[in-house]
Structure formats: C-alpha cells, structure tokens
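Each value in this text was obtained by applying a stated rule to the coordinates, not by laboratory testing. Since this is a predicted model, take the numbers as computed values, not measurements. Note that each Cβ is placed from the backbone with ideal geometry, even for glycine, and that neighbours are counted across all protein chains shown.
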C-alpha cells in the first residue's frame, strides 16, 4: 500500500479547506473544496457524472495545505475531472492550453518558428480568435524564446567538475524562459557543479492534468520516471527550478499512479534553492557574495508551499546571501498554470491575485521574485512590475562580487 | 547545520502562543505545522474554565482554576503562570491593534447560534456582552438563504436562557448574493470586508433597527483582525453589536489566527507549512532534532528545545488504534489509558461527568516536560502544550483555548 494513500473518508468536514480556498473566496459559483472534493467523491463512486462546478478548481493545492487530516483534496478533484473527460469531449481551448509542449516543439522546429508563433498569437488576439476559442484576450500569452534552453545550453562550454547534477528544465524554462535555466547553470558552476541536461525529458504533465488529460499525464510520467531513474541509479540528484514540475514529479505522480521507481526518484529530486541550502548546511555553498542595492519582494508559489519544506529561496537569498528581500505572503497569485488564461476564469484569477497585487504596489518594489513561471507572468500582468526567478537574483549577487 | 533555539511542532492556538512567547524571550524559533490548526474549527474566544468538576457553573475563571484536581494542566501550570499568560495574550492583542477584553475575575456568558449561553473568559470586542443585561430591546439579525444560521431559533432559545423580560425581535436582512452555492457566514464576513458590502448591509439595517438597542448577529463583522467593520456598523446605527458563536469555519478563530500569524512574522519566526513531523532524533535523554515525513523524503530540523503542540485525537497528536492503544507518534511518550476500552467513554453524553477519553493525554511536570508512567522525566528539553495534555475535558468544563494559551505560554517560559 502507498504510504500516502488517498482516503476521502479521512475528511472530518471541518471546512478549513473552504476557508483557505482562493477560488471559493473569489466566486460564489464554486461549491468549495470540501463539497466538490471528499464529500462528492462518495457520490462519484456510484454515479457516472460529476458536479459541474468542479471545473472551477484550479489545483492550486491550498485545500491540501489547510487539511489537518492529510486528504489530498485537489488530487481527488483532478481524478474526478479526468473521469468527467472520459465521457465528455475536450474543448479546443483546453487542448491548446494543455499541450504547450507540442506548440513549443513546433515553434522550435520550424525556421523562425518562435517569431511566427508569437506573431500568430498577437494576430489571433487582434482578430478575436483567442476569445472565440475561450482563451482570455485580456492578458498576454507566454511568448516563445527565439532559442530554446536546450539549444542555448548546447552552445555553452561548462567547466568540468567531479560533482554533477541533472537538470529538469520543464516546458516553461525550455521554450519560454531559458534565462532561468542559464542562471541556474551559472550558479551551479559557481559552486563547482557541472550540470547535465537530459533532452529526452518530456512535459511533467501539470498542464495536462488540470485539463483532464490523465492518460497523457501517465504516459509522460512513465517516460520521465524511467529517465530520472536512470540518473538516480547512477547516484545523481535531479534539480528543478519550476515548483509545479517539482510537485508533479515528486508528489502527484505518486498520488495519481502506480509506477515503479517513482518513490525512489522522489527522494532524489530537489528544488534548486533547497539543494543549494543543503550545500549551505553542509558548509559547501560558495558564499562569496557581492551586494545588490535593489529591494525585492518574494512571492511563494502555492505549489512550493504545498511541498512542505518551507521557503528555501528566502532562506538562501535573505539569510545567506544578504539580499534585501521580504516575503509578500499575500496568498495565491490566481493564475494556477493555465487556469487564468481561460476566458471564463480570467476575472476569478485576477480577483484571487488582488491581495498580492495590492501588497506589491504598496511595497514600491520594482522587481518581484518567484520560482513559478506563470506566477511571474500573472504578477507582471497584475502588478506591472518586473519578475525574476530567485536563481537569477542569486547569480546577480555572485556576479556583483568585485 | 542550521539550529534553532526552539522548534514548535503544531500550528494550533497552543503552538502559535508557544512560538510567540518564545520569540518574545529572544529565541530563534521555527514553527512546523501540518494543516490549519484548531483556530479555524474552534472559536477565537478563550475559555479558561467555565464549569466545576461537578458540572455546576463556575463563579469566576480564577476561582475555578484554584479548585482543579491534581492531574489537571492548570494545577501543574499554577495560578501565577495562568495569570501571566492571560496578561501576555491581552498585551499581544493590544500590540496587534486587535484588543481582547475580559479577565480571570469575571465569567462572561456569551450567546451561541443555538440561542444558548456559554461561559468564557477572553473575547474580542465583537462579543462584548456587558450591555446585554442593561438593554431591553434585542434585535436578532438573520439573513435570507443563509446556511446553518436560524435567527428564529436564536430568539426562541434566548427567551429561556437569557430571560423573557427582554424584547426580542428577529430582523431579516437581504444579502446580495444570487446564484451559485449556498451562502455561508464566511461569505457574509467577506462581503462586509468590502466597502460596498458594508454600505449595503448598513443601509438594510438602518431601515429595520432603532438606535440604542443590542444587535445579535452571526460572526460576520469582517475577516481581518481589526474592528473596522464593528466600528462602522456601531457608528451608523447607534446600536451595540454582539456576534454569536457558530459552527465551523470559525470567523473569530480565523481573525485570531491571522493576528497571531502576523505577529509571528514580525517577530521573525520561521514558519513551515505542511510539515508532517513523525519522528524525533534522541541522544542521551535529549531531543536533538525532529524529522518530517514528506511524500518525497524525510527532512530533519534541529534545535535546543522542542515544544510539542500537536493536538489530541482530532489533531493527530494522539493516535488510538482499534486495539485500544494510544500512541504519541513523535516522541513515543507513554500514555496512560483506562484499562478496558469500554471504560473510555461515559455513554451519557450530556451527563455531569467528564469523558474518560477526553482526559487521556501526556503526563507532565510543572515545566510542561513529559513524564513516564512512574512519573520520571523523559526528556529535559521537550515541552508539551495544548490538547495532547492529560487530565482535562475541555468540552465538559469549557477550557480548550485556555489550556492551550496557558500551557503554550508555560512551555515557552520553560525552554
């Protein structure tokens, strides 16, 4: 039996999850995690169909964090959603948003593909096509980088070290924001680590899961698990910079599927800041830092908080590297991966992020720091500030050393 | 290796108070919590002791505390520390601009959503019942289509519990929610957080109540730990507002929790959520670290002292097996239990006797350190606070948050 088995009967209906659910707070249309999750799970065992308000769950996992009994409420919801799509057809919109990797690969393969993909999105917005398929035209879609991370990585000549880690970039870093991957690489080199990039890794499955493509998530899970296992068996740690990828690889694979090797893999998958803090604890972190003048605010992605090891980026930047940074601690940003890109969810997503946007504006900072790529997009959109990954700041502190 | 002065395990009222009091002493504190803790479920009021051993109403909390049996946590903590902890809490609330009222010398009887009165000690200003006895006209505010709150029921039962001389008038208010799920008290409290919601509510009220009366309402006066909404409705109507105590989620509990979390942040306490502590690392009769059991891997946290505030059977601090054994999972502290499982409970739920299962818990010394069956000290640097303590039935005697506050404080003073 799994150590962390899913047992809806452990729910004692205390409603702590309802009090913490950002979607419940933002809209009356959602019946709330307690009802849609464990309570209705009992009905789903006998009924074919599911409650339509299940569509409102964003899988942000604040319910799981609130639950005193350890019920993975959001995962129950995602399983129910998958069941729903066994007998219902997906919309074209969900197909597009779930398959960002497919689009990214296309943009990467075609000559000047990224340029045309970005252009296409802008034209699509102006012609009202996005709205027609149900994607919000009120916010920018993630634009494709002119060169993927994989491509850029290959051009870099790393200094060789006996210590090596395997990097799992994930779709967003690979196709949209390669700089994060490059900054990670630079930081690891500063710490005398060589970075291995496994090109066969596929999308972790997070965007697929929230749109109910469970079978595809399982396919990806099996593939990634096999690849990660190959490295873990050789004694390597696997590092992620995206907290949703990390959560998926370590936790959701275990909750959703029975795949050999997942549990052992999970022990060896690290968030980048957590890994660096472990080096610090062992006295092995390069602490030859310079000084940054700018003041920052940090936003903790829900998918990091849900992992139960605190906020290692804050420990690293504030306590260890001496960066002038404070935790915004203003809750979910609202975007939840591709949730906030859906036309019918846009207002809910922006209402959820309202508190965070207000906190950022009040603080007067120009740059907000956060691990999650879509959190960064949402903050950029909602609070009109620059956003960066913690490792970009860490690289800057290293490079500020004269 | 990073090492804290104090690690508090548990984010309920006892844990939050223990962390706050430790931080005030200048300690470097990490709080490990799993789930939201009791304050969402229980209420944000602090009962100290409402009923005596025989089930009769206590005169004042202080008098009742002096009369507890030897195995009661208050007996171990002592009246002096109980007094200090109440002062500590009241001062913390004042500092956070959300002052509580009440003292050990006065029993407050506050109205519940069932129209009964319950004894308590420290309450937010939204439950100030001082005027309840002086004013004849009591409006009972209800809302159309509000889940789990019946103004008629409150009015009917108050005639018995509070007295039939008063004039009770039920006032029904329209809220502005239409469509979607059932409306809850939490929805209404959030509605009043907004300026538009407050204005609409006040307008509705003004047409239906006359100044100078007492207004009993569900706990909807905002979700933030401040009195902004209370002051606004008071000023607009000239009435005295009293919130009733309701079922979960507890709005007054959420406010108190927010206030304490805000305070801990200011005090520099490191808080780690979803940290499921399942083991301890012991060396020579001391605890050097605790281990969390994540779905991915175990993680160790090190400190000089540890405060165990993991709750009782409900919170997971005590686990009972079907075989009638009780286990404290982290330190494996031996727990004394009634010999046969049949004797765990008293079948008359509302009788004048405490429930034996409620009194099951960890035996402690004056410094809140755990003892074994023979009374020997188990660990010199582990301290216990809250619902996992032995010797009290909070439900029977109305002492839940009181034991949490005083034992959390005492544990922090002992580290």
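In the elastic network of chain A, a GNM with C-alpha springs shorter than 10 Å, the most mobile of A:190, A:234, A:345 is A:234.
If I fit a long axis through the Cα atoms of helix A:113-126 and take the longest principal axis of the Cα atoms of chain A, what angle between them do I get, 0 to 90°, rounded to 10? Computed tilt is about 40 degrees.
Please work out, to two decimal places, the log10 of the ratio I(q)/I(0) at q = 0.09, 0.19 Å⁻¹ from a Debye calculation in which every Cα of segment B:239-375 carries one identical scatterer. Debye output, listed in q order: -0.42, -1.30. Roughly what angle does helix A:178-190 make with the longest principal axis of chain A, taking Cα atoms, 0 to 90 degrees, to the nearest 10? Helix A:178-190 sits roughly 40 degrees off the main axis of chain A. Summary value for segment B:187-289: 24 percent relative contact order, contacts being C-alpha pairs under 8 angstrom separated by 6+ residues. Quantify how strongly other chains surround peptide B:287-293 by giving the mean number of their Cβ atoms within 10 Å of each of its Cβ atoms. Whole-number average of other-chain Cβ neighbours for B:287-293 is 1. Mean partner shielding of peptide B:34-44, defined as the number of other chain Cβ atoms within 10 Å of each residue Cβ, is 5. Entry note, segment A:8-87: relative contact order of 36 percent, from Cα contacts under 8 Å with a spacing of 6+ residues. Find the centroid of the Cα atoms in segment B:111-156 and in segment A:262-291, then give the distance between the two in whole Å. Here the answer is 54 Å between Cα centres. Taking other Cβ atoms within 10 Å as a rough exposure proxy, A:249, A:127 sort from fewest to most as A:127, A:249. Ordered by the count of other Cβ atoms within 10 Å of each Cβ, fewest first, B:350, B:394, A:184 give B:350, B:394, A:184. When each of the peptides B:257-263, A:287-293, B:87-93 is scored by the mean number of other C-beta atoms lying within 10 Å of its residues, the order from highest to lowest reads B:257-263, B:87-93, A:287-293. The relative contact order of segment A:296-399 comes to 29 percent, based on Cα pairs under 8 Å that sit 6 or more residues apart. For chain A, the longest principal axis of the Cα atoms and the long axis of helix A:272-281 meet at an angle of about 50 degrees.
The fewest-to-most ranking of B:387, B:270 by surrounding Cβ atoms within 10 Å reads B:270, B:387. Take each residue in A:16-24, count the other chain C-beta atoms within 10 Å of its C-beta, and the mean is 5. Residue ranges B:162-169, B:45-52 sort as B:45-52, B:162-169 when ordered by packing (mean number of other C-beta atoms within 10 Å per residue, highest first).
The alpha carbon centroids of segment B:331-389 and segment B:30-85 are separated by 15 Å. Convex hull of alpha carbon positions in segment B:113-245: directionally averaged projected area 7.6 nm².
Peptides B:287-296, A:7-16 ordered by packing proxy, namely the average of other Cβ atoms within 10 Å per residue, highest first: B:287-296, A:7-16.
The ellipsoid that matches the Cα gyration tensor of the protein assembly as shown has semi-axes, each √(5λ) in whole angstrom, of 46, 33, 24, with the longest given first.
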